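Shown next, in structure tokens, is the structure this report addresses.
None of the figures in this text is laboratory data; all of them are computed from the coordinates on show. Computed from a prediction, not measured in an experiment: that's the story for all the values here. We place every Cβ from the backbone using ideal geometry, glycine too, and count neighbours over all the protein chains shown.
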């Protein structure tokens, strides 16, 4: 009886009061207090930096907008040095969103496919080699991507542009008049290559965390390899893929030098994505900031504030989707 009682007491789970007491003792240790202070300070520092950036952008934007004679959100003009100043972001917003959407449409399916091939299809050595090459793509500087895009990608897209025009030119969106391939479509292709490593690497690590029991249960029920991926792997990693896509979208929205070297900036919105012209927020700031007057710099900063807000909204929307949709949780897979 005594032995049974002692064994029962040893295996009895700790009570909440005991856990709270243990946590209180741990919180009094110097190392825990230091780590807690550093963690809390780091979080507060991030908030302060973000608030300082927002305050600076807002202040300089108000100075520019108070002098602007055009509709800032809908105007196609960009003449902040004129008398009176007239500038708007309609062209920049259109180019930024369209090029980013093209990049995401190309990069996300390819990246998820590569991540699934590495984790579930490829032999270990081949998968490691592919993963290593993908990691190298992430280390290539933006200026190198821009040089490659301008000197190698643009001259070799005429065939693709001609094919798109032959079969889909009737839509007007993919019509091509034969000019140089320095368009938003080319920018989207280049951005897709640039964000591919980010989405692939994050998705790959998420897919590797899928519980082995989930996959074995699907196999035991007679599922094929693709059915295992569809029923067990993708539901578990869906939130991770969304997060990876948002990271890639953040880079696509803010990419500067590569876009500036490939795109032929024309401050106008073209119906066709294959025609040269258009512009993005980052490309416009990079190409005009050095030669801008004080008023011109304030106008560029105002456009930067819009890009700042768009980025915050995109990331906030992604967090909201993951938080509100329980089926995105890996625990429910």
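Can you give the alpha-carbon Rg of the stretch 45-91 over 2.2 N^0.38 Å, where N counts its residues?
Details: Rg = 13.4 Å, N = 47, 2.2 N^0.38 = 9.5 Å.
Relative to the 2.2 N^0.38 Å estimate, the stretch 45-91 comes out at 1.41.
I want to verify a result. In a Gaussian network model of the chain, Cα cutoff 10 Å, which of these has the top mean-square fluctuation: 53, 114, 44?
Sorting by GNM fluctuation, first place goes to 44.
Just to be sure I understand the curve: with the Debye formula and one point per C-alpha of the stretch 94-210, what is log10 I(q)/I(0) at q = 0.10, 0.13, 0.17, 0.22 Å⁻¹?
Debye output, listed in q order: -0.38, -0.61, -0.91, -1.19.
Quick check on the stretch 208-302: what does the Kirkwood estimate of hydrodynamic radius come out to from the alpha carbon pairs, in Å?
Working: mean 1/r = 0.0575 Å⁻¹.
Here the Kirkwood hydrodynamic radius works out to 17.4 Å.
Taking N as the number of residues in the chain, what is its Cα Rg relative to 2.2 N^0.38 Å? Show your work: numbers first, answer last.
Values: Rg = 26.1 Å, N = 333, 2.2 N^0.38 = 20.0 Å.
Cα Rg divided by the expected 2.2 N^0.38 Å: 1.31.
Can you tell me which of 228, 46, 144 moves the most in a GNM of the chain? Springs connect C-alpha atoms under 10 Å apart.
Between 228, 46, 144, it is 46 that shows the largest mean-square fluctuation.
Expected output is a single nm value to one decimal: the length gained when fully extending between residue 33 and residue 290, i.e. 0.36 nm times separation in residues minus the C-alpha distance. What is it? Mind dumping the intermediate values first?
Details: separation 257, 0.36 × 257 = 92.52 nm, distance 4.74 nm.
Between residue 33 and residue 290, full extension yields 87.8 nm more.
Between residue 51 and residue 138, what is the label-to-label distance in nm when each label sits 7 Å out along the Cα-to-Cβ direction?
It is 3.2 nm.
Relative contact order for the chain using alpha-carbon pairs under 8 Å, separation at least 6, rounded to a whole percent? Spell out each step's value before the answer.
Working: 428 pairs, mean separation 78.0, N = 333.
The normalised contact order for the chain reaches 23 percent.
Using only DSSP helix segments of four residues or longer, with each worth -39500 (n - 2.57), what per-residue ellipticity at 222 nm results for the chain after dividing by its residue count and rounding to 500? Could you put the intermediate results ahead of the total?
Values: 14 runs with 223 residues, N = 333.
It lands at -22000 deg cm²/dmol.
For an R0 of 41 angstrom, estimate the FRET efficiency from the Cβ-Cβ distance between residue 63 and residue 226 and round to the nearest 0.05. All intermediate terms of the calculation are to be shown ahead of the outcome.
On the way: r = 58 Å, r/R0 = 1.40.
My answer for the efficiency is 0.10.
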